[in-house]
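**Student:** Handing you a structure now.
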Amino acid sequence: MPHTLKDVLPVTAEVAANDHLFIGGCDSQELADVYGTPLFVFCEETFRARTRQYKQAFPEATIYYASKAFLCLQMCSLIEQEGLSLDVASGGELHTALAAGFPPERMILHGNNKLDSDILAAVDAGVGVIALDNFEDIDRTATAARGTKQDVVLRVTPGVEAHTHHYIQTGQEDSKFGMSIEGGSAMEAVERTLNEETLQLLGVHAHIGSNIFSYDPFGKTIEILFEFLAQVKARFGVSLPEVNLGGGVGIPYLAGDYPARLDLLAALVNEVAERQAKASGIELPHLSFEPGRFLVGNAMVTLYSVGTIKEVPGIRTFVGIDGGMSDNIRPALYQARYSALLANKARHVPTHLVTLAGMHCESGDILLQDVALPESIQRGDIVAIPATGAYGYSMASNYNKQPRPAVVLVKEGKSRVIVRRESFDDLTRLDVKT
């Protein structure tokens with residue numbers, strides 16, 4: 001295996017004597033031959049290892065898997081087997097979880113613009129916690145919960161700007177999510193929620209952004225949230241028992257990426273939490289987290305078949321692949337960067353700078369620009385792009401009427417489909433011709 005990508009690939013990745021990349025004991029070339037490309041290859045062992053790492057770092061916390069990263073029926077089963085809870089943010093994610101038989105009492109419902117039907121479905125199903133994002137959420141959830149007592153948390157904006165792309169910053173004041181602590185709307189929301197007989201306020205929630213590589217923003221968020229809880233206690237005489245810190249821990253996408261170490265982050269969180277609780281005069285709240293990318297991101301690799309290779313003399317070499325922005329919109333959406341290797345020539349030295357171009361009718365459909373691949377690259381080779389488990393399939397589309405890829409679970413040399421590849425017939429299944 002190319003040592004430079006060791007931390008980016010799944011933990012089971014290895015290169016066999018035939019120069020092929022193996023994942024979960026399965027030959028990536030054979031996977032491509034059997035299931036076709038593009039293909040998401042999901043390493044079960046990597047996902048379980050990341051899950052247990054998170055639980056070990058925060059053994060007393062509630063860990064909600066952020067289903068927006070990737071969700072399907074089989075994923076719900078893995079999450080339940082690992083003892084995680086589940087964060088859903090739409091009626092569709094809630095429906096998927098319930099269809100999989102996931103315990104509703106271990107779910108939290110999010111969303112900055114929840115439909116009435118989403119709230120009603122959550123209350124009727126017995127969803128454990130609903131995150132109230134705005135004043136209308138308070139009123140509508142209180143109405144939906146008539147005849148019961150619904151546990152809720154308030155999503156607040158702590159004013160912390162995480163160092164990440166501005167499209168995935170969510171904790172700053174200028175955000176569509178949550179209610180401002182500094183602006184006073186968060187405290188007003190506490191008062192209004194406490195006055196609703198059908199709502200039980202557990203605490204506050206804040207998610208400051210995604211793919212964060214530093215430690216300080218998490219510590220600063222704890223300080224702000226705990227001080228807010230102290231103000232709530234002083235004003236209303238109520239001790240709120242829970243603080244949900246969301247997700248956001250980054251993962252390696254490129255060789256040389258050094259994201260925050262989970263053990264060091266846990267040490268910081270625990271130290272700041274204990275110190276700030278004492279300084280604020282409050283009992284130490286129960287902590288919750290909502291990781292998604294950290295758990296599933298490096299567990300998947302996307303395989304593509306090489307098609308047209310176009311040399312533009314003196315400028316660049318375009319290598320066409322049979323996918324692109326329909327199965328990975330992140331590079332076009334916010335300039336996300338990835339690594340790549342030839343899965344069927346994994347030991348060939350990557351010395352040739354190329355641009356991996358998608359097959360869609362957009363000049364911006366470029367997955368990787370100026371990436372080193374072997375000079376021997378040719379039509380029919382299999383390109384592997386690691387770390388595509390988060391926001392790859394879940395953000396996929398049918399642009400250019402491209403069927404969405406299959407997802408294959410691999411473990412101990414065996415593979416099975418957990419999401420079928422769409423067919424051309426699927427693309428017209430919902431059409432109505434008059």
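**Student:** Checking G209 against (1) crowded, with 22+ Cβ neighbours inside 10 Å; (2) farther than 30 Å from T148 by Cβ; (3) out of contact with any Asp or Glu (no Cβ under 9 Å at 6 or more places or on another chain), which test does it fail?
**Tutor:** The one condition G209 does not meet is (3).
**Student:** Continuing with the same structure: If you go through region 423-430 one residue at a time, do you hit one that is hydrophobic (A, V, I, L, M, F, W, C), touching a residue at least 12 places away in the same chain (Cβ under 8 Å) and under 20 Å from C72 (Cα atoms)?
**Tutor:** Scanning region 423-430 turns up at least one residue that is hydrophobic (A, V, I, L, M, F, W, C), touching a residue at least 12 places away in the same chain (Cβ under 8 Å) and under 20 Å from C72 (Cα atoms).
**Student:** Considering region 17-34 alone, what residues qualify as being surrounded by 15 or more Cβ atoms within 10 Å (Cβ to Cβ) and more than 17 Å from A299 (Cβ to Cβ)?
**Tutor:** So in region 17-34, the residues surrounded by 15 or more Cβ atoms within 10 Å (Cβ to Cβ) come out as 20-29, 31-32.
Across region 17-34, the qualifying residues are H20, D27, Q29, A32.
**Student:** L120 is checked against (1) over 24 Å from G392 (Cα atoms); (2) open to solvent by 30 Å² or more (accessible area, probe 1.4 Å); (3) out of contact with any helix residue (DSSP H, G or I) (no Cβ under 6 Å at 6 or more places or on another chain); (4) free of Cβ contacts under 8 Å to residues at least 60 places away in the same chain and fails just one. What number does that condition carry?
**Tutor:** Here L120 clears every test but (3).
**Student:** Give the residue, chosen from F218, F228, that is surrounded by 19 or more Cβ atoms within 10 Å (Cβ to Cβ), among the aromatic types (F, W, Y) and modelled with pLDDT under 95. Full working, then the answer.
**Tutor:** Numbers: F228 fails: modelled with pLDDT under 95.
None of the other options fit; the residue is F218.
**Student:** Restricting to region 59-101, give me the number of residues that are under 20 Å from L262 (Cβ atoms) and out of contact with any Ser or Thr (no Cβ under 9 Å at 6 or more places or on another chain).
**Tutor:** 3
**Student:** For region 295-343, give me each residue that is touching a residue at least 40 places away in the same chain (Cβ under 8 Å), part of a helix (DSSP H, G or I) and surrounded by 20 or more Cβ atoms within 10 Å (Cβ to Cβ).
**Tutor:** Those that are touching a residue at least 40 places away in the same chain (Cβ under 8 Å), part of a helix (DSSP H, G or I) and surrounded by 20 or more Cβ atoms within 10 Å (Cβ to Cβ): L295, V296, G297, N298, A299, R330.
**Student:** Looking only at residues in region 397-434 that are among the small types (G, A, S) and either outside any loop (DSSP other than H, G, I, E, B) or touching a Phe, Trp or Tyr at 6+ places or on another chain (Cβ under 6 Å) (or both), which one is least open to solvent (accessible area, probe 1.4 Å)?
**Tutor:** Quick first cut of region 397-434, residues among the small types (G, A, S) only: 397, 406, 413, 415, 423.
Keeping just the survivors that are either outside any loop (DSSP other than H, G, I, E, B) or touching a Phe, Trp or Tyr at 6+ places or on another chain (Cβ under 6 Å) (or both) gives 406, 415.
On the way: A406: 5, S415: 44 Å².
Checking each candidate, the answer is A406.
**Student:** Restricting the first residue to region 86-114 and requiring it to be among the polar types (S, T, N, Q) and at pLDDT 95 or above, which pairs with a second residue that is in a helix (DSSP H, G or I) and open to solvent by 40 Å² or more (accessible area, probe 1.4 Å) meet a Cβ separation below 7 Å and a spacing of at least six or different chains?
**Tutor:** T96/L73
**Student:** State all residues of region 279-334 that are farther than 23 Å from H207 by Cα and among the charged types (D, E, K, R); if no residue qualifies, say none.
**Tutor:** Listed by number, the residues that qualify are K310, E311, R316, D322, D327.
**Student:** Next question, about the same structure. In region 187-240, which residues are touching a residue at least 60 places away in the same chain (Cβ under 8 Å), of a type in the set (S, T, Y) and under 22 Å from G292 (Cα atoms)? So that I can check it myself, show each step before the final result.
**Tutor:** Filtering region 187-240 down to residues touching a residue at least 60 places away in the same chain (Cβ under 8 Å) leaves 193, 199, 202-203, 205, 207, 210-211, 220-221, 224-225, 228.
Those left that are additionally of a type in the set (S, T, Y): 193, 210, 221.
Of everything in region 187-240, those that are touching a residue at least 60 places away in the same chain (Cβ under 8 Å), of a type in the set (S, T, Y) and under 22 Å from G292 (Cα atoms) turn out to be S210, T221.
**Student:** Does region 367-396 hold any residues that are part of a strand (DSSP E or B) and surrounded by fewer than 17 Cβ atoms within 10 Å (Cβ to Cβ), and which are they?
**Tutor:** Filtering region 367-396 down to residues part of a strand (DSSP E or B) leaves 367-374, 382-386.
If the condition is that a residue be part of a strand (DSSP E or B) and surrounded by fewer than 17 Cβ atoms within 10 Å (Cβ to Cβ), then Q369, D370, A372 are the ones that fit.
**Student:** Give me a count of the residues in region 12-40 that are touching an Asp or Glu at 6+ places or on another chain (Cβ under 6 Å) and within 14 Å of K345 (Cα to Cα).
**Tutor:** Pass one, region 12-40, residues touching an Asp or Glu at 6+ places or on another chain (Cβ under 6 Å): 12, 20, 22, 25, 37-38.
Filter again for within 14 Å of K345 (Cα to Cα), leaving 20, 22.
Residues in region 12-40 being touching an Asp or Glu at 6+ places or on another chain (Cβ under 6 Å) and within 14 Å of K345 (Cα to Cα): 2 in total.
**Student:** When the residues of region 137-181 are filtered to those that are basic (K, R) and open to solvent by 30 Å² or more (accessible area, probe 1.4 Å), which remaining residue is modelled with the lowest pLDDT? Break it down into steps so the answer makes sense when it comes.
**Tutor:** Here is the first cut: in region 137-181, the residues basic (K, R) are 140, 146, 149, 155, 176.
Those still in the list that are open to solvent by 30 Å² or more (accessible area, probe 1.4 Å) too: 140, 146, 149, 176.
On the way: R140: 97, R146: 94, K149: 96, K176: 83.
Selected residue: K176.
**Student:** Looking at (1) over 21 Å from S397 (Cα atoms); (2) part of a strand (DSSP E or B); (3) among the β-branched types (V, I, T); (4) open to solvent by less than 60 Å² (accessible area, probe 1.4 Å), can you tell me which one V272 breaks?
**Tutor:** Condition not satisfied by V272: (2).
The values are calculated or read from the model by the stated rules, or taken from the named source; none is laboratory data. Because the structure is a prediction, the values reported are computed rather than measured. Methodologically, a virtual Cβ is constructed for each residue, glycine included, from the backbone with ideal geometry; neighbour enumeration extends over all protein chains shown. Keep in mind that these areas ignore ligands, DNA and RNA; they rest on the heavy atoms of the full protein, side chains included. Shrake-Rupley method; radii C 1.70, N 1.55, O 1.52, S 1.80 Å.
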